[in-house]
Amino acid sequence: MSALVELREVTFGYAAPAGRRARAFRLAPLSLTIEDGEVLGVIGPNSAGKTTLIRLLTRVVHPSSGEIRLAGRPLASLSAAALARAVAVVPQELPHAFPFTVAQLVLMGRYPHAPGRYFERPEDRAIARAAMEATGVLALAELPLAELSGGERQRAVLARALAQEPRLLVLDEPTAHLDLRYQAECVGLLRRLNRTRGMTVVLVAHDLNLAAEVCDRLLLLAWGEVARLGPPEQVLEEETLRAVYGTEVIVDKAPSSARPRVQVAWPGAAP
């Protein structure tokens, strides 16, 4: 595999807001490659730098120093449309006041392919339909987003991202609002996208077991620094997680996949 994304000594910092008790944040120099076709999981406690990394990859913010390259080109050199054709983002949730149907939302994913055009071609509709089929929301196509459950909305947003036909898919807590059935379906979908389309995925997750099941490598961030980077079995170690998260954990293997499985050692639990 070759690198799709390269971060070269990238730093970024937020100053503490004046008059507020929030702390300043700084991402330490980060050098990292994300291979073409890889699923990279980004994990870590709150305020570790996970959201900052998403914002850097999607150019919501710019590095204080260093450089990010996408497919060999500086990210800063891409137009907004070119960036949207290459990178799609699935946020944790949409604004609740978003007066569109599922089909309209998914068709928005086609806009970067012709920013000056406002009427979709048959090709666009076919791609949007395929995206809705892949995510299980085709039957909901004509429903307003306001009438959907949280899990249905999340799958509709994923369909919009697929309609963009990106090279890099960035997901921020994609199963946060899903019940167990749809969590399992989401995992299966991500695996299929990766295997059948070769799509590169950056998955930001608090769910360590989801990350262990889906990802080729994990990037564990702590206080703006890289605590560990490598395959799940090398990152999800009890001593490392205890130091980063500040709590006791037990790591064993999931019976179905032999991937690492993390359990919290709850205080006061019966032996």
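The values are calculated or read from the model by the stated rules, or taken from the named source; none is laboratory data. From a predicted model like this one, the values you see are computed outputs, not experimental measurements. Because the Cβ atoms are built from the backbone with ideal geometry, glycine has one as well, and the counts that use them run over all protein chains shown.
Kindly check whether there is at least one residue in region 99-116 that is under 25 Å from Y182 (Cβ atoms) and of a type in the set (S, T, Y).
Yes, some residue in region 99-116 is under 25 Å from Y182 (Cβ atoms) and of a type in the set (S, T, Y).
Any residue that is over 13 Å from the mean Cα position of the chain (by Cα) and either modelled with pLDDT under 95 or part of a helix (DSSP H, G or I) (or both) - is there at least one of those in region 51-58? Before the answer, list the steps.
Looking only at region 51-58, we keep the residues that are over 13 Å from the mean Cα position of the chain (by Cα), and these are none.
Checked region 51-58: no residue is over 13 Å from the mean Cα position of the chain (by Cα) and either modelled with pLDDT under 95 or part of a helix (DSSP H, G or I) (or both).
Identify all residues within region 251-269 that are part of a strand (DSSP E or B) and of a type in the set (K, R); write none if there are none. Explain how you work it out, then say what you get.
Residues of region 251-269 part of a strand (DSSP E or B): 251-253, 260-264.
Residues satisfying the conditions are K253, R261.
Any idea which residue in region 81-112 is nearest to M199 (Cα to Cα), counting only those that are touching a residue at least 40 places away in the same chain (Cβ under 8 Å) and in a loop (DSSP other than H, G, I, E, B)? Spell out the reasoning first.
Keep residues of region 81-112 that are touching a residue at least 40 places away in the same chain (Cβ under 8 Å), which gives 84-94, 96, 98-102, 105-110, 112.
Next cut, in a loop (DSSP other than H, G, I, E, B) only: 91-94, 96, 98-100.
Numbers: P91: 18, Q92: 20, E93: 22, L94: 23, H96: 29, F98: 28, P99: 30, F100: 27 Å.
Among residues in region 81-112 that are touching a residue at least 40 places away in the same chain (Cβ under 8 Å) and in a loop (DSSP other than H, G, I, E, B), the one nearest to M199 (Cα to Cα) is P91.
If a residue has to be touching a residue at least 60 places away in the same chain (Cβ under 8 Å) and either part of a helix (DSSP H, G or I) or among the charged types (D, E, K, R) (or both) to count, how many in region 213-229 make the cut? Reasoning before the result, please.
So the first thing to find is which residues in region 213-229 are touching a residue at least 60 places away in the same chain (Cβ under 8 Å), and the list is 214-227, 229.
Checking which are either part of a helix (DSSP H, G or I) or among the charged types (D, E, K, R) (or both) leaves us with 214, 216-217, 225.
Selection size over region 213-229: 4.
Please go through region 198-209 and give me each residue that is in contact with a helix residue (DSSP H, G or I) (Cβ under 9 Å, 6 or more places away or on another chain) and either at pLDDT below 90 or more than 17 Å from A48 (Cβ to Cβ) (or both), ordered by number.
M199, T200, V201
Take the residues in region 123-144 that are modelled with pLDDT under 90 and assigned to a helix (DSSP H, G or I); name whichever of them is nearest to the chain's Cα centre (by Cα). Steps first, please.
Going residue by residue through region 123-144, those that are modelled with pLDDT under 90 are 134-136.
Adding the requirement that they be assigned to a helix (DSSP H, G or I) leaves 134-135.
On the way: A134: 18, T135: 16 Å.
Selected residue: T135.
Identify, from the list R167, R153, the residue that is out of contact with any Ser or Thr (no Cβ under 9 Å at 6 or more places or on another chain) and either within 27 Å of L218 (Cα to Cα) or not aliphatic (A, V, I, L, M) (or both).
Numbers: R167 fails: out of contact with any Ser or Thr (no Cβ under 9 Å at 6 or more places or on another chain).
After applying the criteria, what remains is R153.
Checking the structure you have, find out if any residue of region 168-184 is out of contact with any strand residue (DSSP E or B) (no Cβ under 7 Å at 6 or more places or on another chain), in a helix (DSSP H, G or I) and among the polar types (S, T, N, Q). Can you show your working first?
Let us first name the residues in region 168-184 that are out of contact with any strand residue (DSSP E or B) (no Cβ under 7 Å at 6 or more places or on another chain), namely 175-184.
If we keep only those that are in a helix (DSSP H, G or I) too, we end up with 180-184.
After this cut, where a residue has to be among the polar types (S, T, N, Q) as well, the list is 183.
Yes: region 168-184 contains one or more residues that are out of contact with any strand residue (DSSP E or B) (no Cβ under 7 Å at 6 or more places or on another chain), in a helix (DSSP H, G or I) and among the polar types (S, T, N, Q).
Output the residues belonging to region 230-250 that are closer than 14 Å to A211 by Cα and assigned to a strand (DSSP E or B).
G230, the sole residue that qualifies.
Yes/no per residue for (1) small (G, A, S); (2) under 28 Å from A28 (Cα atoms); (3) crowded, with 17+ Cβ neighbours inside 10 Å:
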site: A146; (1), (2), (3): yes, no, no
site: L169; (1), (2), (3): no, yes, yes
site: P174; (1), (2), (3): no, yes, yes
site: C186; (1), (2), (3): no, no, yes
site: P231; (1), (2), (3): no, yes, no
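Considering only region 238-271, how many residues are in contact with a strand residue (DSSP E or B) (Cβ under 7 Å, 6 or more places away or on another chain), more than 24 Å from L190 (Cβ to Cβ) and surrounded by fewer than 16 Cβ atoms within 10 Å (Cβ to Cβ)?
Total meeting the criteria: 6.
Residues of region 185-211 being part of a helix (DSSP H, G or I), more than 13 Å from the chain's Cα centre (by Cα) and not β-branched (V, I, T), which ones?
Step one: filter region 185-211 for residues part of a helix (DSSP H, G or I), giving 185-197, 208-211.
Imposing the further condition that a residue be more than 13 Å from the chain's Cα centre (by Cα) reduces the set to 185, 188-189, 191-197, 208-209.
Those that are part of a helix (DSSP H, G or I), more than 13 Å from the chain's Cα centre (by Cα) and not β-branched (V, I, T): E185, G188, L189, R191, R192, L193, N194, R195, R197, L208, N209.
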